[in-house]
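Structure, as structure tokens:
The values are calculated or read from the model by the stated rules, or taken from the named source; none is laboratory data. Note that this is a predicted model, so its numbers are computed, not measured. Heads up, the Cβs are rebuilt from the backbone with ideal geometry, glycines too, and the neighbour counts pull from every protein chain shown. For accessibility, only protein heavy atoms count, side chains too; no ligands or nucleic acids. Shrake-Rupley method; radii C 1.70, N 1.55, O 1.52, S 1.80 Å.
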Amino acid sequence: MKLRTAIFLMVVLLLLSLFIISSTDLFIPREDNEVYDISVIINDSDGERWTNFRSGMDQAAKEMNANISFVTLYDKNSLEQQIELLKREIDDGADAVLISAANSKKLSEALNEMVIEIPVLAIDSKLEGKQVKSYISSDNFKMGEKLGQEIQKNAKEKETVLILKSNMNSSNISERYEGLLSVLNNSSHSYDVLNLDKISEKDKVSKILLTYLDENSPDITVALDESTIEGSLNAMEQLSTEEKIHLYGIGQTNRIVYNLEMENINSIIVSNMFTMGYLGIKNAVDAILQKPVKDKIELEFGVIDKENMYSIKNQRLLFPVP
Amino acid sequence: MMKRMFQNIVEKILRTYRKRSIRFMISVSFSVSAVIAMLLVGVSLYLRFVAQVNTIIQEDNQNIIEQVNRNLDSYLRNMMKVSDSLYYDVIKNVDLTEESIYEEMNLLYQTNSSAIENIAVFDKDGELLEVVPLANLKPSINMKETLWFKNAMKKTENMNFSTPSVQNLFYTADYQYKWIISLSRTIEITKGKEIEQGVLLIDMKFSGIEQILDRAKLGNDGYVYLIDSDGEIIYHPRQQLIYSDIIKENNLIATTYKDGNCTEKFQGEERVITVKTVGYTGWKIIAVTPQKAIELNYIQTTVFAMLIIAFTIFIIVLLNIFISTRISDPIKELEQSVKKLENGYMDEDIYIGGSYEIEHLGKTIRKMVEQMKKLMNDVVNEHESKRKSELDALQSQINPHFLYNTLDAIVWMVENEKQSDAVRMVTSLARLFRISLSKGKNIIPVKDELEHVKNYLLIQQMRYKNKFKFEVNSQEEVNNLATIKLVIQPLVENAIYHGMEFMDGDGEITVTAFLKEEELYIEVRDNGLGMPKETVDKLLEDNHASKGTGSGIGLKNVQERIQLYFGEQYGLIIDSEPDEGTAITVHIPKRQMEEGGKV
């Protein structure tokens, strides 16, 4: 009888405990209410070109319960600052980091030397390393190509081109440059390259350009990123209408779009930054949860000019619904 | 055919059921009925619950959509009212070449500036006539090619709502680009003497609609979106994702839904849909609740239900054990005891226990067993006695001593030439022995028994040289009644040897057989010395066969035999007075002689 009583008691206990557990939430496969801390380190000192990105980022943050730190640099294109900020964010407890690299090669090396246990995602510019789970960007080479084709389409034969070569350390800029050259080299257009190096301040760019324009008269000017475009716009404000240059560029800010509409810029190539922000955060959360993440995500881009900017497709690309 | 099979199965089950033990039947019946009851209750409750949950969600959704609809409706109506009052109160019948409508337009705009981006009036060629707030028209826009203009001109009776787009007519400060929904209609404008058509445009801020729909909070991972009559999305909580082709929505199919609830399957998932059409615009509000989220609710309930079931089964098992202990097991024990009894273990202790009824049964069976044992003993004893008595009686049929003595007497008579005495004695002896044997029967007629005793008396009289006289009488009706043989002779023997011994020729022995109150009495009376009470008692005690004197059977034997055959109420009645005499009476029932000498 003793054994029987023992079994009896055990079963009673088991049932009681199951009963208690079931009335709590332990039993139910409920979604985790965990919050993920994600840091986004960009390669700019302001967020002007990142407005659409932030819309996408915020949408994803809401859906996936993520807390986002959006970190800007003091100085654009500073590798050192990026490394420092990366360390700081990791120390502050980031669960994942998105980086738009100022210097793709050197930052990849630095990553390899650091002990990083959280997933890193590359946006815009490439990064290599085993911690880099994904690269989210439009095909920069193709964008450069497309720009070249656009120039070919609009420009008259044999018109000269000035290429403003900005920070080639970022893979996005260098790839765009390569893409552009691949078209121009097979075209009737001759081109000149004005090396801006790491200079990105609009006023400085403007000065350099104006100095160049004192000596030269290119028919077309090409800028490979937003700060260069805006620097060129600054320069154009100093010029008279006869001296106006035909500006083509890759990138988007509100001012750029406005000037596109005002016909100060002929065409721009625009990447879907909203998607970059959304998918960036989504994939970061997936990487945190150790779900499979595509290692390369290619975003769409569009060729925008004054005529087509308000088409249904393009207005959605340029102006994400808030 | 099916019915037959079914009947067969039922019969089989019932048969098996009947053959089984009580414990099995109770267990099975109880368990089966409990399980069935529980299942019935459980399943029906669960189904109700599921239905309820779905209904509640649908009602909930409907309430929320109703609310959204009300808000949206009043918002749109407000806009339409602005358009109307602008038209009818401000523009109509005002000669635009003479008067300016700017002030009134501005007033209307200001009072609604949170919802309105701009208000503009155009003529039939698309020329801008007035705009509030003041803004510069972007050059090179062909108004007549815009969708809102064309739609307004197409349906002159109606107000037209466009799908959301970016405002691109007027320059804004700070490079702003705003999403708007255009509300346009045709109006009549007075230009001098001419009345011509124009278009009144109100650009509604998209954020206005957004706010109304954003407020709708559905539980269970649900959401609300808005489509126009063609199925184009006007508002969706993940609108830009749809525009960027990151996700898809089932909006085109949703256009076909009627107001109310339905379910759809989209991208492999079941969803509960509630639809409400907004008045005038034909827009539809769609509420979506994924079935999976609802089912999560079920899981908790299901787990709970399983627990209850497990618990109930546990209780059932407990009860089964309890019933077993109190009822089936005791019955089984009792049955085992009885089985042993059947097999002859009379000393087996009957089980007492279990519920009161079973205890009672046990006790009763015990008593019965005791009685049985006792009766069996009695029967055995009785048989023993009978056997012994008969053995004795058998023995007495031929008593050697009596025979020797009588033969001696006969020899003496023959030697002394007393032939006639010898003949008499031989004849009596022969008769006596014939009746003694009676062909082996135990029951003989009374007259034979009397004959027997008469012959005995004759012989004894001769041997004792007429020391006594005797008489044998019987009533007519008793002669053919039945009696056991050799009951009177021992009495006479007793009378001779106790009574006649000391009588000098005055001894008298009378044997009388008579009926009294339908009972048969055979009395042997002598007038001898009589016996004191102690001797009387002793007569019936030992089996003292008076040796060498007669049959050798004692009175005890007679008494025993009578009682064995006829019962204890019969037997010998001894009545003796010292010096007076003794009467010993055989008392037996009145029985007729039947065939075979049986009584």
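Residues are listed down the side, and each one gets a yes or a no for (1) closer than 15 Å to B:Gly231 by Cα; (2) open to solvent by 40 Å² or more (accessible area, probe 1.4 Å); (3) of a type in the set (Asp, Glu); (4) at pLDDT below 80:
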residue: B:Lys265; (1), (2), (3), (4): no, yes, no, no
residue: B:Glu270; (1), (2), (3), (4): no, yes, yes, no
residue: B:Val275; (1), (2), (3), (4): yes, no, no, no
residue: B:Tyr280; (1), (2), (3), (4): no, yes, no, no
residue: B:Ile285; (1), (2), (3), (4): yes, no, no, no
residue: B:Thr289; (1), (2), (3), (4): no, no, no, no
residue: B:Ile294; (1), (2), (3), (4): no, no, no, yes
residue: B:Gln300; (1), (2), (3), (4): no, yes, no, yes
Next on the checklist: Restricting to region B:130-153, and then to whatever is of a type outside the set (Phe, Trp, Tyr) and open to solvent by less than 20 Å² (accessible area, probe 1.4 Å), can you tell me which residue is nearest to B:Thr111 (Cα to Cα)?
Outcome noted: B:Val132
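If you go through region B:448-476 one residue at a time, how many are touching a residue at least 12 places away in the same chain (Cβ under 8 Å) and not in a strand (DSSP E or B)? Quick ask: steps written out before the conclusion?
Here is the first cut: in region B:448-476, the residues touching a residue at least 12 places away in the same chain (Cβ under 8 Å) are B:448-460, B:462-464, B:466-475.
Retained after the next criterion (residues that are not in a strand (DSSP E or B)): B:448-460, B:462-464, B:466-467, B:475.
Qualifying residue count, region B:448-476: 19.
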Checklist entry - Can you pull out the residues in region A:293-322 that are without any contact (Cβ under 8 Å) to a residue 12 or more places away in the chain, more than 8 Å from chain B (Cβ to nearest Cβ) and not in a helix (DSSP H, G or I)? => result A:Glu307, A:Asn308, A:Ser311
Item to check | Unique residue being more than 30 Å from B:Met80 (Cα to Cα) and of a type outside the set (Gly, Ala, Ser) when the list is B:Lys258, B:Lys248, B:Lys276, B:Lys284 | outcome: B:Lys248
Checklist outcome for this item: In region B:397-447, anything assigned to a helix (DSSP H, G or I), closer than 20 Å to B:Leu481 by Cβ and open to solvent by less than 50 Å² (accessible area, probe 1.4 Å) is listed as B:Ile435, B:Ser436, B:Ser438, B:Val446
Checklist entry - What number of residues within region A:248-273 are surrounded by fewer than 24 Cβ atoms within 10 Å (Cβ to Cβ), of a type in the set (A, V, I, L, M) and either in contact with a helix residue (DSSP H, G or I) (Cβ under 8 Å, 6 or more places away or on another chain) or more than 14 Å from every other protein chain (Cβ to nearest Cβ) (or both)? => result 1
Next on the checklist: With out of contact with any strand residue (DSSP E or B) (no Cβ under 8 Å at 6 or more places or on another chain) and either in a loop (DSSP other than H, G, I, E, B) or more than 19 Å from A:Ile265 (Cβ to Cβ) (or both) as the only criterion, which of A:Glu230, A:Glu237, A:Glu243 stands out?
Outcome noted: A:Glu243
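Each row is one residue, and each column tells you yes or no for (1) modelled with pLDDT under 90; (2) under 24 Å from the mean Cα position of the chain (by Cα); (3) surrounded by fewer than 22 Cβ atoms within 10 Å (Cβ to Cβ).
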| position | (1), (2), (3) |
| --- | --- |
| A:Lys158 | yes, no, yes |
| A:Val161 | no, no, no |
| A:Lys165 | no, yes, yes |
| A:Ser187 | yes, no, yes |
| A:Asn195 | no, yes, yes |
| A:Ile199 | yes, yes, yes |
| A:Glu215 | yes, no, yes |
| A:Ile220 | no, no, yes |
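Table: residues versus (1) open to solvent by 50 Å² or more (accessible area, probe 1.4 Å); (2) touching a Leu at 6+ places or on another chain (Cβ under 7 Å); (3) free of Cβ contacts under 8 Å to residues at least 40 places away in the same chain; (4) among the aliphatic types (A, V, I, L, M).
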| site | (1), (2), (3), (4) |
| --- | --- |
| B:Gly354 | no, no, yes, no |
| B:Met368 | yes, no, yes, yes |
| B:Gln371 | yes, no, yes, no |
| B:Met376 | yes, no, yes, yes |
| B:Val379 | yes, no, yes, yes |
Item to check | Qualifying positions in region B:200-221 - over 18 Å from B:Leu183 (Cα atoms) and away from every other protein chain (no Cβ under 14 Å) | outcome: B:Arg215, B:Ala216, B:Leu218
Checklist entry - In the list A:Leu98, A:Leu85, A:Leu79, A:Leu73, which residue meets the criterion of being among the hydrophobic types (A, V, I, L, M, F, W, C) and buried (at least 22 other Cβ atoms within 10 Å of the Cβ)? => result A:Leu98
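Just the residues that are part of a strand (DSSP E or B), open to solvent by 20 Å² or more (accessible area, probe 1.4 Å) and touching a residue at least 60 places away in the same chain (Cβ under 8 Å), please, taken from region B:193-229.
We begin by selecting, within region B:193-229, every residue part of a strand (DSSP E or B); these are B:194-205, B:223-227.
Still in the list and also open to solvent by 20 Å² or more (accessible area, probe 1.4 Å): B:194-197, B:205, B:223.
B:Glu196, B:Gln197, B:Lys205, B:Tyr223 - these are the residues of region B:193-229 that are part of a strand (DSSP E or B), open to solvent by 20 Å² or more (accessible area, probe 1.4 Å) and touching a residue at least 60 places away in the same chain (Cβ under 8 Å).
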Checklist entry - Within region B:154-168, is there a residue that is part of a strand (DSSP E or B), open to solvent by 30 Å² or more (accessible area, probe 1.4 Å), more than 14 Å from every other protein chain (Cβ to nearest Cβ) and among the acidic types (Asp, Glu)? => result no
Checklist outcome for this item: Scanning region B:540-583 for residues that are crowded, with 20+ Cβ neighbours inside 10 Å and part of a loop (DSSP other than H, G, I, E, B), the one modelled with the highest pLDDT turns out to be B:Gly554
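Which residue, of A:Ser45, A:Ser39, A:Ser104, A:Ser108, is away from chain B (no Cβ under 14 Å) and at pLDDT below 90? Please lay out each step first, then the result.
Details: A:Ser39 fails: at pLDDT below 90; A:Ser104 fails: at pLDDT below 90; A:Ser108 fails: at pLDDT below 90.
That would be A:Ser45, the only listed residue that is away from chain B (no Cβ under 14 Å) and at pLDDT below 90.
In region B:97-115, what count of residues is obtained for those that are among the charged types (D, E, K, R) and either under 27 Å from B:Ile212 (Cβ atoms) or open to solvent by less than 30 Å² (accessible area, probe 1.4 Å) (or both)? Spell out how you get there, then give the answer.
As a first pass, look at region B:97-115 and keep what is among the charged types (D, E, K, R): B:98-99, B:103-104.
The next check asks that each one be either under 27 Å from B:Ile212 (Cβ atoms) or open to solvent by less than 30 Å² (accessible area, probe 1.4 Å) (or both); those that pass are none.
So the answer is 0.
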Next on the checklist: Checking A:Ile123 against (1) among the aliphatic types (A, V, I, L, M); (2) touching a residue at least 60 places away in the same chain (Cβ under 8 Å); (3) surrounded by fewer than 23 Cβ atoms within 10 Å (Cβ to Cβ), only one condition comes out false. Which one?
Outcome noted: (3)
Item to check | B:Ser184 vs. criteria at negative phi, away from chain A (no Cβ under 11 Å) and of a type in the set (Gly, Ala, Ser) | outcome: yes
Checklist entry - Can A:Asp286 be described as surrounded by fewer than 21 Cβ atoms within 10 Å (Cβ to Cβ) and not assigned by TED's automatic domain parsing to the domain that holds A:Met168? => result yes
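Being of a type in the set (A, V, I, L, M, F, W, C) and in contact (Cβ under 8 Å) with a residue 12 or more places away in the chain is the filter here; which residues of region B:90-114 pass it? Talk me through it step by step, then tell me what you get.
First pass over region B:90-114, keeping only residues of a type in the set (A, V, I, L, M, F, W, C): B:90-91, B:94, B:96, B:101, B:105, B:107-108.
Passing the criteria: B:Val90, B:Ile91, B:Val94, B:Leu96, B:Ile101, B:Met105, B:Leu108.
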Item to check | Subset tally (residues that are within 14 Å of chain A (Cβ to nearest Cβ) and aliphatic (A, V, I, L, M)) for region B:232-279 | outcome: 6
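It is to be established whether one or more residues within region A:54-68 are open to solvent by 10 Å² or more (accessible area, probe 1.4 Å), within 14 Å of another protein chain (Cβ to nearest Cβ) and on the phi > 0 side of the Ramachandran plot.
In the first step, residues of region A:54-68 are kept if they are open to solvent by 10 Å² or more (accessible area, probe 1.4 Å); the result is A:54-55, A:58-59, A:61-68.
Then drop every residue that is not within 14 Å of another protein chain (Cβ to nearest Cβ), which leaves A:54-55, A:58-59, A:61-65.
Applying the additional criterion that residues be on the phi > 0 side of the Ramachandran plot yields A:65.
Yes, the conditions are met somewhere in region A:54-68.
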Checklist entry - Would you pick out the residues in region B:1-54 that are of a type in the set (Gly, Ala, Ser) and closer than 19 Å to B:Ile313 by Cβ? => result B:Ser27, B:Ser29, B:Ser31, B:Ser33, B:Ala34, B:Ala37, B:Gly42, B:Ser44
Next on the checklist: For region A:274-292, check the following and say yes or no: at least one residue is of a type outside the set (Val, Ile, Thr), touching a Pro at 6+ places or on another chain (Cβ under 6 Å) and either within 14 Å of chain B (Cβ to nearest Cβ) or assigned to a helix (DSSP H, G or I) (or both).
Outcome noted: yes
